[in-house]
2 protein chains.
Amino acid sequence: MNTLITTLKSLCGDANVLTHDDPGVDLSAWEQDWRKRVKGRALAVVRPGSTSEVAAVVKACAACGTAIVPQGGNTGLVVGGVPDDTGTQVVLSMTRMNAVRAIDPANLTITVEAGCVLQNLQAAADNAGFLFPLSLGAEGSCTIGGNLGTNAGGTQVVRYGNTRELCLGLEVVNAQGEVWNGLTGLRKDNTGYDLRNLMIGSEGTLGIITAATMKLYPQPAAQLTAWAAVPSMEAAVQLLGLAHQALGPGLTGFEVMGQFALSLVDKHYPQLRVPLFKETPWCVLLENSDSENEAHARAQFETLLETALEQGCVSDAVVAENLSQAHGLWHIRESITMAQAEEGLNIKHDISIPVSRIPAFVAETDALLAREIPGVRMVDFGHLGDGNLHYNVQAPEGADGQAFLRDWEERVNTLVFDQVMRHHGSISAEHGVGELKVDKLPLYKDPTALAMMRAVKQALDPQNLLNPGRVLG
Amino acid sequence: MNTLITTLKSLCGDANVLTHDDPGVDLSAWEQDWRKRVKGRALAVVRPGSTSEVAAVVKACAACGTAIVPQGGNTGLVVGGVPDDTGTQVVLSMTRMNAVRAIDPANLTITVEAGCVLQNLQAAADNAGFLFPLSLGAEGSCTIGGNLGTNAGGTQVVRYGNTRELCLGLEVVNAQGEVWNGLTGLRKDNTGYDLRNLMIGSEGTLGIITAATMKLYPQPAAQLTAWAAVPSMEAAVQLLGLAHQALGPGLTGFEVMGQFALSLVDKHYPQLRVPLFKETPWCVLLENSDSENEAHARAQFETLLETALEQGCVSDAVVAENLSQAHGLWHIRESITMAQAEEGLNIKHDISIPVSRIPAFVAETDALLAREIPGVRMVDFGHLGDGNLHYNVQAPEGADGQAFLRDWEERVNTLVFDQVMRHHGSISAEHGVGELKVDKLPLYKDPTALAMMRAVKQALDPQNLLNPGRVLG
């Protein structure tokens, strides 16, 4: 047996080091990415149970130059958490380190291990009487370590920020196998460089996050959801401004959905009863989280929507009467991804643009795509409150999806990303770079920034052991 | 003349390069730090007028190995923005680059040059109908570049965060004189390492911030201030929890002030009429920023204070009747620094501790100091909402201030900082490291973190040209 494997087994226990040589063991769950774009082959899957085990594993791998791919719930969308196909990389699965270490109510913080599933973290906060606001589709299986590694976004960013903004402190094992204990619950700490934010969003290429101290918030007394038909994207942006003004920090959700995206939900899931979409090019879902009570939240929403109707930026609107209706409206929003998959393969984008430029971006880019690909169908939706669009391109009706992707994906990406750059946006808003966009970065990232990124990587991981080939090629 | 000086004059214009050889020129304003602890001697003070001039200056200095000390309003409190006394360093004063480049109302952003005075930035936001919430004592002369370089805190952190949390994008000249254009107005951008936050708080040692895109917020419809007497620090922490729950994000200020601190204000500025302090060990100042109206804010405050009175964590309270009364209360809080200076020299600290541990920290540390220095007087006040205390130690009554500092400063610092570490706090919450605390960092910072900081500095500024000797010695 490989001596490294022997060492790893002595460090973490035989049962926590899995290899292809073990009879009856299937490593697919760790080797196959979520979107099934890539299947790698691991030298071993190691599942450490403590921070000191992680440190020892890194030291053992560093000693023999073996690359490490940190992995959480393996729900990433950019091929950043699975091994390559060489059979030489160790997958470091963090899921055994899933404890809630501490809750500090007076300090409004919770300290958890990296492998804690997001939904369990939400539940631990809830049980203590607090809100942990990070929320996203994969919350039942993604881990907070993965959320931090990729700086995940989700549905409440307009109020609470990305995962980055929810984190106060980290425990990290660096590429030398040393532990940095930065698990502070401090809101203010100006003693040197911001290593916390350097690690967050670095996709496991600069260090391995083993635990984190995250912010808690008071639970809102009431949460109300509204659904508004808007006559144009300009009107949606105008409505966003009114909502900021009227609801202030109560505005916790602002999602936009195009007519074609909603028509797919209506077509494939008619039981969801999509409201108002037939007569309008765009619908908006708004959420108001109130620290007082439901009556107050409802009065605020009604004032806002009346103003918006008067100003013409809303043509019709409904406010959910109860929690079940509210969940129903959110469920429609969240079903767009599945509905477009039912309709066939499509070219996905996760872009951000300054909110003020989104109307021009969409109008111009829709027109450019329609000229290039007659009959192309745009599945536009996203977190307009954050300037984040999932601007997806579906094949013309009846076209073969596979052929469409093969013939068009590269050209469509180039067209869309060039437009993103023209409007000072980002080609990856919330999903990260991973392996999927690593070739795009040199084309679209400021060259000075890229050079500084390379210098930082070289400084912190000179052997290029941590998740090589991701973020930086 | 020195050839570098000739080059700098050709780059920025003769009038914008000042040296000691110029007849009648006094460089004290750039060489003397705000608290008058250090007076350096500059080779030259250079005042570039554009980003490309900054880049050219850095290239010229790098070519001959001349160190650069970036400077904003020179209001820093830790000796981080003045030259050393060798006469070999160039002060790069950013104050000529003070333009507001753009305001984007729909995107809720403002883009300004680094030399823009904070008060002018606030005013530009206000004129456009928005709030820029960063606010601190030096706002009439500090610059946003300095605020970013030091990650300044201030009085509204409990709601809006530090300067770091208010910034979306930067333009930076790095140590090689290359410009990184990272001036995005994006709320989401996951295309690589977080260089923005790496630069923020790095005190000019990793790059020179030349411009920034900052967040704007809706202006609150009403702002109310209350003043509460609380029977103990435990009670103050309990009141903070109630305030978070009752006001949610409306809570924009939560300051605590000890009885002795307030008695100094009362003694030296009796006209300020400090309320409620005589019968209570601590007072708390609360601010509620409401997105509706004053009546709503007042009702919220009254409910909160009634609950707090019932629960016994407040013994008495007043709510300001109007804006002038509110300013009066804030003025008392802000006068503590001056009042303690009137009373005599003292040993200052800017520390943070998890909020939950502050009562134990204060009780223990007060007792330790009283045992060491009989008659010592504690000027305790600070941003309790952020866990940030200005925990200042005043000489016993009648003692000679100079002698007290000379005999006790080092021992008191060690005692306080050791206590801070015991309670998992930070020895510099909002002022930074500069030169003043550079020797303390190796004693109190996690060694792995410190090693990574050194690696990053070496990677980005291998010649050690940018503000050498600050942050890292």
Take every Cα pair under 8 Å in chain A that's 6+ residues apart, average their separations, divide by the length, and report that relative contact order as a whole percent.
15 percent
Rg over Rh of region A:350-473, using C-alpha atoms and the Kirkwood radius, what does it come to?
1.03
What the 20 Å binned alpha carbon P(r) of the protein assembly as shown shows, as percent of pairs per bin from 0, is 14, 45, 35, 7, 0
Shape call for region B:277-334 from the C-alpha gyration tensor, a ≥ b ≥ c root eigenvalues: rounded (a/c under 1.5), prolate (a/b greater than b/c) or oblate?
oblate
Distances in nm from B:His331 to the matching label points in the other copies, shortest first (labels 7 Å along Cα to Cβ):
5.9
Work through the residues other than B:Leu472 whose Cβ is under 13 Å from its Cβ and net out their charges, Lys, Arg +1 and Asp, Glu -1.
+2
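I need A:Ile68, A:Ile144, A:Ile347 ordered by Cβ neighbour count within 10 Å, fewest first. Working shown, then result.
Working: A:Ile68 26, A:Ile144 32, A:Ile347 21.
Lowest to highest Cβ neighbour count: A:Ile347, A:Ile68, A:Ile144.
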Per residue of chain B, what 222 nm ellipticity follows from adding -39500 (n - 2.57) for every DSSP H run with n ≥ 4, rounded to the nearest 500?
-11000 deg cm²/dmol
Ranked highest first by the average count of other Cβ atoms within 10 Å around their residues, in what order do A:172-183, B:164-175 fall?
B:164-175, A:172-183
For B:Asp439, inter-copy label distances in nm, listed shortest first [label point 7 Å out on the Cα-Cβ vector]:
5.7
Enter the angle in degrees (range 0 to 90, nearest 10) between the Cα long axis of helix B:233-247 and the first principal axis of the Cα atoms of chain B, meaning the one along which they spread out most.
80 degrees
Provide the net charge surrounding B:Phe404, with neighbours chosen by a C-beta distance below 14 Å and charges set as Lys +1, Arg +1, Asp -1, Glu -1.
-3
So for R0 = 25 Å, FRET eff. of A:Arg411-A:Asp439 from the Cβ-Cβ r, to 0.05, ends up at 0.95
Averaged across the residues of B:309-315, what count of C-beta atoms belonging to other chains lies within 10 Å of each residue's C-beta?
0
By how many degrees, 0 to 90 and rounded to 10, does the Cα axis of helix B:323-334 deviate from the longest principal axis of chain B?
70 degrees
So how much slack lies between B:Gln325 and B:Ala299, counting 0.36 nm per residue of separation and subtracting their Cα-Cα distance, in nm?
7.6 nm
What whole-number value in cubic angstrom gives the convex hull volume per residue for the C-alpha atoms of chain B?
154 Å³
Please express the shape of region A:160-313 as an equivalent ellipsoid: the semi-axes are the square roots of 5 times the eigenvalues of the C-alpha gyration tensor, given largest first in whole angstrom.
40, 21, 14
Amide H neighbours of B:Gly80 under 5 Å, at least 5 residues apart or on other chains, H built in the peptide plane: list them.
B:Glu435
Other protein chain Cβ atoms within 10 Å, averaged over every residue that makes up A:433-439:
1
Most exposed first, judged by fewest Cβ atoms within 10 angstrom, B:Tyr193, B:Tyr160, A:Tyr269 run A:Tyr269, B:Tyr160, B:Tyr193
Relative contact order (%) - criterion: Cα under 8 Å, at least six apart; region: region B:1-43:
24 percent
Relative contact order (%) - region B:347-455, alpha-carbon pairs under 8 angstrom, separation at least six
35 percent
Within 14 Å, Cβ to Cβ, of A:Arg454, how many net charges do the neighbouring residues add up to if Lys/Arg are +1 and Asp/Glu are -1?
0
Considering every residue in A:243-250, what mean count of other chain Cβ atoms within 10 Å of its Cβ is obtained?
6
Working note, region B:1-86: Cα radius of gyration (Å, one decimal) and Dmax (Å, whole number) are 12.8, 34
At most 12 other Cβ atoms within 10 Å and a DSSP loop assignment: could you name the trypsin sites (Lys or Arg not before Pro) in region A:244-344 that fit?
A:Arg273
Taking Cα atoms, the helix B:51-63 axis meets the longest principal axis of chain B at an angle in degrees (rounded to 10) of 70 degrees
Derived scalar couplings ³J(HN,Hα) [region B:142-149; Karplus, 6.51 cos²θ - 1.76 cosθ + 1.60; whole Hz; x for Gly, Pro]
6, 10, 5, x, x, 4, 6, x
In this structure, the FRET efficiency calculated for A:Asp316 and A:Val38 from their beta-carbon separation, with R0 = 60 Å, to the nearest 0.05, is 0.85
Please report, for B:Pro462, the nm distances (one decimal) from its label point, 7 Å out from Cα along the beta-carbon direction, to the equivalent points in the remaining copies, shortest first.
1.2
Mean shadow area of region A:132-228 over all directions, Cα convex hull, nm²:
7.7 nm²
Estimate the FRET efficiency between A:His20 and A:Asn464 by the formula 1/(1 + (r/R0)^6), using the beta-carbon distance for r and 35 Å for R0, to the nearest 0.05.
0.90
What list do you get for B:Ser141, A:Ser52 if you sort them by fewest beta carbons within 10 Å?
A:Ser52, B:Ser141
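Checking a compactness column here: for region A:319-384, what do you get for Rg(Cα) / (2.2 N^0.38 Å), N being the number of residues?
My calculation over the Cα atoms of region A:319-384 gives 1.39.
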Taking N as the residue count of region B:221-278, its alpha carbon Rg divided by 2.2 N^0.38 Å gives 1.29
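A short reminder: the numbers here are calculations on the coordinates, not readings from a lab. Because the structure is predicted, anything quoted here is derived from the model rather than measured. As a convention, Cβ positions derive from the backbone with ideal geometry for all residues, glycine included, and neighbour counts pool all protein chains shown.
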